[in-house]
Amino acid sequence: ESNSNNNKKKRERNYEKVAGEDFVEVDEKILEDMIELYGLSDSFAQNQLMARGSSTSKLLYFISSSIKKNIFDRGLHNRVKGIHSGLRAFERRSRGDDDKSYRPCQESIHFIVPHMTKRKFIVSFDDFSKCLGEGAIKIEIFSENLQKNMRELSTGAFAVALEGYETDVRSKLFLTMWKCRHDNVNCLVARAELDGFQNKLKALNKSVA
């Protein structure tokens, strides 16, 4: 519990630190690598991704189309400090000098998943429910097909979408996951949000019944 709170406070301090920095365009190589890694289609609004302070910032933001058009494209962002202009979209995972890949943030995953063609799985109600765990989740508990797909992944981020809702952005029934080095995965969703997902699934289950 205390470690979770400390990590949350540390993240909040980091976000506060960059809040006063200017938005800049994301480095082209970073964009190219993300598009390749996650198979982001042409429909993904990559021009709405922005960094703060540096084009190679650890944290990338997703800016709404209206703010991009009315603020950034008109150059008004140079005169105004926009603290809450966007959602956290991608974050770089520090796993050694040989890997500087970015993982999708849960905060924006519903805007990203519909455009992913790689490292994404559309899963059953049962498998989606099993993803909602804390700590290491054994791959062996999932359906045979999902087990196979998860084991074929390299270490790193991937996403799951609930079958039937994979293109429904408003439902937000998408999860950011992590493939571990051993036969486990992690759900990269905060504990408080996990409870919210459980409640959503209970409501869906009742409506189907």
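Points worth noting:
- Length gained on full extension, PHE125 to ALA203: 26.9 nm, using 0.36 nm per residue less the C-alpha separation.
- Computed on the Cα trace of region 124-163, the radius of gyration divided by the Kirkwood hydrodynamic radius gives Rg/Rh = 0.91.
- Segment GLU28-SER41, extension gain: residue separation times 0.36 nm, minus the distance between their alpha carbons: 3.1 nm
- Computed over protein heavy atoms with a 1.4 angstrom probe, the accessible surface ordering of ILE30, ILE112, largest first, is ILE30, ILE112.
- log10 of Debye I(q)/I(0), alpha-carbon scatterers only, for region 109-209 at 0.18, 0.19, 0.21, 0.25 Å⁻¹: -0.82, -0.92, -1.14, -1.57
- If R0 is taken as 22 Å, the Cβ-Cβ distance between THR56 and LYS118 corresponds to a FRET efficiency of 0.45.
- Here region 88-176 carries DSSP beta bridges of which approximately 60% are antiparallel, counting only pairs with both residues inside.
The values are calculated or read from the model by the stated rules, or taken from the named source; none is laboratory data. Bear in mind that the values here come from a model prediction, so they are computed numbers and not experimental data. All Cβ positions, even for glycine, are placed from backbone atoms using ideal geometry, and neighbour counts span all protein chains on display. Accessible surface is based on the protein model in full, side chains and every heavy atom, while ligands, DNA and RNA are left aside. Shrake-Rupley method; radii C 1.70, N 1.55, O 1.52, S 1.80 Å.
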